[in-house]
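The values are calculated or read from the model by the stated rules, or taken from the named source; none is laboratory data. What you are looking at is a predicted structure, and each value in this text was computed from that prediction instead of being measured. Ideal geometry is used to build each Cβ from the backbone, glycine not excepted, and the neighbour counts take in all protein chains shown. Surface areas here come from the heavy atoms of the whole protein model, side chains and all, with no ligands, DNA or RNA. Shrake-Rupley method; radii C 1.70, N 1.55, O 1.52, S 1.80 Å.
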Amino acid sequence: DIVDVTPATLKIGEVSAGLKYKESYNLEDLMKAAIVHSCNDAAYLVSEYAGKGDVEKFVEEMNEKAVSLGLLNTKYYTTTGLPTRNTGKPLDISTAEDMVKLGAELSKHSKYFEFSKQSSITIKDIHSGKESTFRNTNKLIGIYDGMDGMKTGFHRAGMFNIVATAKRDDMRFITVVFGSDNNKLREKEVITLLDYAFETYQKVKVSDTIKP
């Protein structure tokens, strides 16, 4: 799908893809920018487009989806995760447990990993051909063996956070780190958790069939 940049998108602050009014992008490019570089304007525009212009309705659908996935301690107020000073809305809330559940659901979609595993992505305005390149905010991509997602985050109330996943052979682990003082500590904690998981656990076949 082709998505036109709307005036409301220009008001979204913090990390952005620098989208300009009357530019148009492939929907996939916008999703890449949101996933890989945490571009808030791209995330907002995706939600606006998916919600057929009604972002508030889309937030309602996000919360309905969260309930259906068993995210019992998650509440969305925005589609960007930005703090109140940017949105005028209450802070979005969740827990590490809920983020693991969400990450497990996301892991079912191979298309997501086509984007998230890239060290950088390039998006292009369809009209002018202008290209913009963004680096992955997950600095462990290409560094830690098997790392291929998922999402970093930061604001002053929540500090440095990450949901990170790595897969080796046929085993995938998902780690969640909240409230780190800086991104280096965030990455160190992820490595510690994943090293422990890969060194400690193994996948075993217990049965060819499951009988009632």
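Any idea what angle helix 27-37 forms with the longest principal axis of the chain, computed on alpha-carbon atoms, 0 to 90 degrees, nearest 10?
The two axes meet at around 60 degrees.
For the range 59-74, in order, what is each residue's ³J(HN,Hα) by Karplus, 6.51 cos²θ - 1.76 cosθ + 1.60 with θ = phi - 60°, in whole Hz (x at glycine and Pro)?
4, 4, 5, 4, 5, 5, 5, 4, 4, 5, 8, x, 7, 6, 10, 10
Of the candidates Asp125, Asp195, Asp41, which one comes out as most mobile in a Gaussian network treatment of the chain with C-alpha springs shorter than 10 Å?
Sorting by GNM fluctuation, first place goes to Asp195.
For an R0 of 45 angstrom, estimate the FRET efficiency from the Cβ-Cβ distance between Met171 and Val67 and round to the nearest 0.05.
That gives a FRET efficiency of 0.95.
Toward the positive end of the charge dipole of the chain, about the Cα centre and with charges on Cβ (Lys, Arg +1; Asp, Glu -1), which of Leu193, Thr80, Thr9 goes farthest?
Final value for the positive-end residue is Leu193.
State the extension gain, in nm to one decimal, for the chain segment bounded by Ile143 and Lys11, taking 0.36 nm per residue of separation less the distance between their alpha-carbons.
Taking Ile143 through Lys11 to full extension adds about 44.0 nm, to one decimal.
What distance in nm separates the simple spin-label points at Arg156 and Lys22, each placed 7 Å from Cα in the Cβ direction?
Here the modelled spin labels are 3.7 nm apart.
Using alpha-carbon pairs under 8 Å, 6+ residues apart, how would you state the relative contact order of the chain in percent?
Once divided by the residue count of the chain, the mean separation gives 15 percent.
Using a probe of 1.4 angstrom, how much of the accessible area of the range 39-138 is carbon and sulfur, in percent?
54
Among (1) 11.4; (2) 13.8; (3) 10.7, which one is mean projected area of the Cα convex hull in nm² computed from these coordinates?
Comparing each candidate, only (2) matches the computed number.
Relative contact order, percent, of the range 50-160 when contacts are C-alpha pairs under 8 Å separated by at least 6 residues?
So the answer I get is 16 percent.
At Lys111 and Thr200, where each label point lies 7 Å from the Cα along Cα→Cβ, what is the point-to-point distance in nanometres?
3.6
Does the range 3-99 come out rounded, prolate or oblate, given a ≥ b ≥ c as the square roots of the eigenvalues of its C-alpha gyration tensor, rounded meaning a/c under 1.5 and, failing that, prolate meaning a/b above b/c?
Since a/c reaches 1.5 and a/b is larger than b/c, the shape of the range 3-99 is classed as prolate.
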